[in-house]
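Chemist: Dropping a structure here in structure tokens format, bear with me for questions.
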Amino acid sequence: MAAPAFPVAEFEYLDTLWFQVSGTLCNLRCSHCFISCSPENHTLEMMETSQIFQNLEEAKRLGVKEIYYTGGEPFIHRDFLHILERTLNDFPTSVLTNGLPIDENRADQLQRVAEASPYSLEIRISLDDYEQERNDAVRGKGTFRKVLAAYKRLYDRGLLPILTVTEIRDYLEPKRPGEGTYDKYADLLRSIGVGRPRIKLIPVFEMGMLDAPKRPSYVTHDMMEHFDPRLLQCSSSRIVTHKGVYACPILVGEEGARMGTSIGDALRPCSLYHSSCHTCYATGMTCKNH
């Protein structure tokens with residue numbers, strides 16, 4: 001029997017469970033989005049609240065340690081505050097958001113939910129450049145100021161959000177090395193009165209809204225020979241959507257990464273078939289907060 005064309009990431013245990021709570025529906029249309037989210041993209045639909053709760057119950061039985069909510073934009077789900085409140089009764093929970101839906105009222109609600117919860121709430125807000133014009137060219141006009149305002153609202157309420165930044169600046173202008181990139185974002189947050197900046201840098205994935213790489217790189221069997229698969233996020237996490245479970249948040253919606261219709265189906269090795277798998281392998285990328 002011939003060996004598979006691509007190596008696999010052995011499955012260790014289910015440590016982290018993700019939910020594509022709003023599918024591929026988003027209030028923005030970012031020019032580099034790796035799953036092409038937009039207001040019109042119905043590739044993955046909004047999850048039913050009952051479906052989320054059923055999967056949370058299974059997560060408890062399986063000993064999952066933490067929950068992440070992503071999209072699309074999670075806060076466009078009509079029940080999201082209720083979902084978040086329920087989740088925080090049993091799990092530390094993180095939310096990945098573009099920040100635009102977080103006005104004063106919603107920031108107050110999030111503070112209330114976080115203070116009433118026995119578990120921690122982490123909120124990650126996305127930004128794509130420390131200069132307004134360059135960020136807005138990627139995420140849309142006016143987003144820079146709105147994102148910083150949302151970040152400050154959460155910070156002022158003691159929620160200490162994480163600013164998530166893609167390395168799109170260096171991708172678009174490879175001749176300009178990203179020296180001091182972290183410090184640039186830290187200085188930006190300090191300029192709005194944030195004394196304890198929290199920042200996560202992530203690489204660009206050439207897929208979705210971006211053109212596929214002309215010469216993609218792939219993980220090979222030789223690369224995995226002496227490599228610890230536990231360093232790959234897909235060895236210990238899965239993402240649930242309205243139409244099944246996928247190996248990782250990067251490849252959500254990709255047929256090659258679909259693991260089955262239930263969490264139980266997905267507790268097995270997954271193929272490292274995509275060029276984005278090489279990005280994770282080479283950079284140590286994880287979609288988690290750390």
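Chemist: I need a count of the residues in the range 89-113 that are over 20 Å from the mean Cα position of the chain (by Cα) and of a type outside the set (Asp, Glu). Working first, answer last.
Modeler: If we filter the range 89-113 for residues that are over 20 Å from the mean Cα position of the chain (by Cα), which is where we start, we get 89-90, 103-109, 111-113.
Then keep just the ones that are of a type outside the set (Asp, Glu); that gives 89, 105-107, 109, 111-113.
Selection size over the range 89-113: 8.
Chemist: I would also like to ask the following. With the checklist (1) in contact (Cβ under 8 Å) with a residue 60 or more places away in the chain; (2) closer than 20 Å to VAL204 by Cα; (3) in contact with a Leu (Cβ under 6 Å, 6 or more places away or on another chain) in hand, flag the one item GLY23 doesn't pass.
Modeler: That leaves (2) as the condition not met.
Chemist: Take the residues of the range 30-61 that are modelled with pLDDT under 95 and farther than 20 Å from ARG258 by Cβ: which is surrounded by the fewest Cβ atoms within 10 Å (Cβ to Cβ)?
Modeler: Taking the candidates together, the pick is SER31.
Chemist: Give, as residue ranges, the strands (runs of 3 or more DSSP E) completely inside the range 210-290 that count at least 1 residues that are without any contact (Cβ under 8 Å) to a residue 24 or more places away in the chain and surrounded by 14 or more Cβ atoms within 10 Å (Cβ to Cβ).
Modeler: Here the list reads 244-246, 258-260.
The values are calculated or read from the model by the stated rules, or taken from the named source; none is laboratory data. Note that this is a predicted model, so its numbers are computed, not measured. Note that we place each Cβ from the backbone using ideal geometry, even for glycine, and neighbour counts take in every protein chain shown.
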